[in-house]
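Structure first, commentary second.
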Amino acid sequence: MIKLIDVNKYFYRGEAREVHALHNINLTIEEGEFTVVSGPSGCGKTTLLNAIGVLDSISEGELWLEGREIAQLSAEEKTEIRLKEMGFVFQAYNLVPVLNVEENIGFIMRLQGYEEEKIKERVLEVAKILKIDDKLDALPNLLSGGQQQRVAVARAVASKPKIILADEPTANLDSRNSMTLMEMMRELNSREKITILFSSHDDYVIQNARRIILLEDGEIISS
Amino acid sequence: MFRTILHMAYRNAFLRKSRAILLVLMIGLSMGVMVGLEGLYDGMSIHMIDKTMRSDSGNLSLFAKKYRLENDIKYHIDNANEKVDTIRKLREVRYALWRIETSGLAQTARKSKPAKLIGIDIEDEKRFGKFDEFFKEGKPDFGRNGVFVGNELAKKLKLHIGSKVIFTTQDSRLEIQSVALKVKAILHTTNINLDERALFLPRERLNTLLALPKNTATQIAVMSTTNDVPLLQKQIQTLFPKLDVKRFVELYPQLKQMQDLMSIFNQITFFIVMVVVFIGILGVMYVSILDRIREFGILLSIGYAYRNIRLQVLTEALFLGLTGYLLGVLLGLAFLGYLTYYGLDLSIFAEGMSTFGLDSTIYATIKTGYFVSTFFAIIIASLLSIILPLRKLKKLNPIEVIRNSQ
């Protein structure tokens, strides 16, 4: 379970507080939810996802993940959480360029110390679901945008994290690829019971979400 | 996980092929040349020391007390044969011999030079220090009235095979004695002390000339089988407390100094090359990391710990450094192999080199130490070269990187 209590995030330039990116956010996301954070550009979607993903700190308030308050954790523990409990899908795919598709998908599992046989089995399984099983030997730069995004999704889900955070995953995809990606994410959500949190202002993504959190100027308008 | 890190490090190290090849070539070539120079410097001093030991002092030399100070044959060693036999029985002794030596004047019809006449036994000298290798002209046979002459002395006195030379000295009764000798061979020992001043004749003949008993010596030289020469020195000193027992380094401190000087040259060369290697790896690693800042940001954001990045960067630097090292080993071995077998021919400087007691062809020597020390130095250079790039990565905020890449 993810719980945010009176969370505020400020960005500073020097001493002066420049942007109040998140305003008194109070939010609870239950296990297995499929949620989309939506709102206009600059409303704080990415900031919220980064905070929940333990990539960025919050300025005020409390953020609880699976019963642990994030502010109390060391940098090492935060890295450990990102590795073992989170899966990330970024707008710009962010694959490791020197690793092929198979190695990119299995990367997190290898870091977690899974046996090679189990990794190969799981990579193939996920690759088949995402229809990239014929590209396992290819390097990321040889794939289309849609294929790269599917590899990024496969990498995020392969190790069966508790939460997948996807920041504008369809922003660089055409509508057909966006639809395919959403269908796959929904399927993974129901099959693997993974909590999925999207940020998006794509109508198709919003329509397919089970819960929508609407942000405006860093405040939750509806959830 | 280590396999994954290793795999990524390998791919990244050789991702930019031209850059990696240039660095590997730079390390390999500079190391090859450095190892070659080390071998040459060492070869030069080792050969000089070896030839000096073989032609003169051995590892140890025994003299009558005061002989070295006064250089007078009245301070001689009696019953040299018996003493040599006793020394030869020691397990740490490979061979021992005795010589008799006197100073005097070598003259021809036109020239004269201060010189020393050394009485030797050819067979003993052959077994002691491969004496026959020093023959530049002529044969190792004295014949009747024969004498061997050092090549520099022969040059100064304009002596050739068959030339006549008269040697004048003072015998043990303080009478002036002269002997007419015929040059049978010219020797080149590279021991400047002998090449410039020595004439050799059979030792029994010299003893007779000096009116000394047959087996009287001024020097007993010992070639040892052990590296612990000081211990052997103590052992022999105990056997012959009335004699001076001196080690090579005590007799030829200048050669030891030269060896130390060569060693300093080697260390300076080594240091310069390692600084070049360090700067090379640092430059390539720094540029490579700046190129991949985004990739490291991504890795950090998905849970790749900073310690893994540190290990990956170190492995990358080691891959580059050690590939260069392997090339350097191959080039160094080829270079040293050639110089050990064929030598470096510096005959155009032969005149000047012989003044310093050097051969005109310098042969290198191969020591495992060159490659071992370079191996560790390259590892250290690789370790040091990543400190700066890692400091850059340590400050990396994955959020900033991801934000900038979107």
Karplus couplings for segment B:113-118 from phi (6.51 cos²θ - 1.76 cosθ + 1.60, θ = phi - 60°), rounded to Hz, Gly and Pro as x?
8, x, 8, 10, 9, 10
I'd like the accessible area for B:Asp85, computed on protein heavy atoms only with a 1.4 Å probe and all protein chains in place. Round to 10 Å², please.
80 Å²
So, for chain A, what is the accessible surface per residue at a probe of 1.4 Å, expressed in square angstrom?
44 Å²
Under a point-charge model restricted to the Cβ atoms of Lys and Arg (+1) and Asp and Glu (-1), what is the dipole moment magnitude of chain B relative to its Cα centre, in debye to the nearest 20?
720 debye
For a Förster distance of 25 Å, can you work out the FRET efficiency between the beta-carbons of A:Asp217 and A:Gln112, rounded to the nearest 0.05?
0.05
Can you compute the charge dipole magnitude of segment B:66-241 about its Cα centre, using +1 on each Lys and Arg Cβ and -1 on each Asp and Glu Cβ, nothing else charged? Give it in debye, rounded to the nearest 20.
480 debye
I want to make sure I understand the PRE zone here: with the label point 7 angstrom from the Cα of B:Glu250 toward its beta carbon, which residues in segment B:65-109 have backbone N atoms less than 15 Å away?
B:65-69
Quantify how strongly other chains surround peptide A:106-112 by giving the mean number of their Cβ atoms within 10 Å of each of its Cβ atoms.
4
Can you pick out the pairs among B:Lys111/B:Lys158; B:Lys139/B:Lys214; A:Lys3/B:Lys394 whose Cα atoms lie more than 19 Å from each other?
B:Lys139/B:Lys214; A:Lys3/B:Lys394
What shape does segment B:24-112 have by the C-alpha gyration tensor, where a ≥ b ≥ c are the square roots of the eigenvalues, rounded means a/c under 1.5, and otherwise prolate means a/b greater than b/c and oblate the rest?
oblate
Separation between the B:Arg127 and A:Glu76 pseudo-spin-labels, each 7 Å from Cα along Cα→Cβ, expressed in nm?
7.1 nm
7 Å from Cα along Cα→Cβ at both B:Arg68 and B:Tyr286: what's the point-to-point distance in nm?
5.5 nm
Run the numbers on segment B:66-241 and let me know its relative contact order in percent, using alpha-carbon pairs under 8 Å that are six or more apart.
32 percent
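In Å², and per residue, what accessible area does chain B have when probed at 1.4 Å with the other protein chains present?
Accessible area per residue, chain B: 48 Å².
Counting only other residues whose beta carbon sits under 13 Å from that of B:His76, what net charge do I get with K and R as +1, D and E as -1?
That works out to +3.
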Quote the total accessible area buried by chains B and A together, excluding ligands, DNA and RNA, probe 1.4 Å, nearest 100 Å².
2300 Å²
Summarise the partner chain shielding of A:87-99 as one whole number: the mean count of Cβ atoms from other chains within 10 Å of each residue's Cβ.
5
With every protein chain kept in place and a 1.4 Å probe, the residues A:Ser178, A:Ser41 fall, from largest accessible area down, as A:Ser41, A:Ser178
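Under DSSP H, which helices of chain B have Cα atoms covering 20 Å or more of the helix axis and a Kyte-Doolittle average no less than 1.0?
B:253-291, B:306-341, B:368-385
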Compute the FRET efficiency between B:Met1 and B:Asn227 as 1/(1 + (r/R0)^6), taking r as their Cβ-Cβ distance and R0 = 41 Å, and round to the nearest 0.05.
0.30
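Expected output is a single nm value to one decimal: the length gained when fully extending between B:Phe349 and B:Ile380, i.e. 0.36 nm times separation in residues minus the C-alpha distance. What is it?
7.2 nm is the gain from fully extending B:Phe349 to B:Ile380.
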Can you find, among B:Val183, B:Ile362, B:Leu300, the residue farthest towards the positive end of the dipole of the protein assembly as shown? Put +1 on the C-beta of Lys and Arg, -1 on that of Asp and Glu.
B:Val183
Computed from the beta carbon distance with a Förster radius of 56 Å, FRET efficiency for B:Ser103 and B:Leu22 to the nearest 0.05 stands at 0.35
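What is the gain in length, in nm to one decimal, between B:Asp50 and B:Ile268 on full extension, counting 0.36 nm per residue of separation less the C-alpha to C-alpha distance?
So the chain would gain 76.0 nm between B:Asp50 and B:Ile268.
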Considering only protein heavy atoms and a 1.4 Å probe, what is the carbon-and-sulfur percentage of the accessible area of segment B:66-241?
47 percent
If you rank A:Thr195, B:Thr108, B:Thr368 by how much accessible surface each has, with a 1.4 Å probe, what is the order from largest down?
B:Thr368, B:Thr108, A:Thr195
Computed lengthening from B:Ile166 to B:Leu15, 0.36 nm per intervening residue step minus Cα-Cα distance:
46.6 nm
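The values are calculated or read from the model by the stated rules, or taken from the named source; none is laboratory data. Predicted model, so just to flag it, every value in this text is computed and none were measured. All Cβ positions, even for glycine, are placed from backbone atoms using ideal geometry, and neighbour counts span all protein chains on display. Protein only, heavy atoms only, side chains kept; ligands, DNA and RNA dropped before computing areas. Shrake-Rupley method; radii C 1.70, N 1.55, O 1.52, S 1.80 Å.
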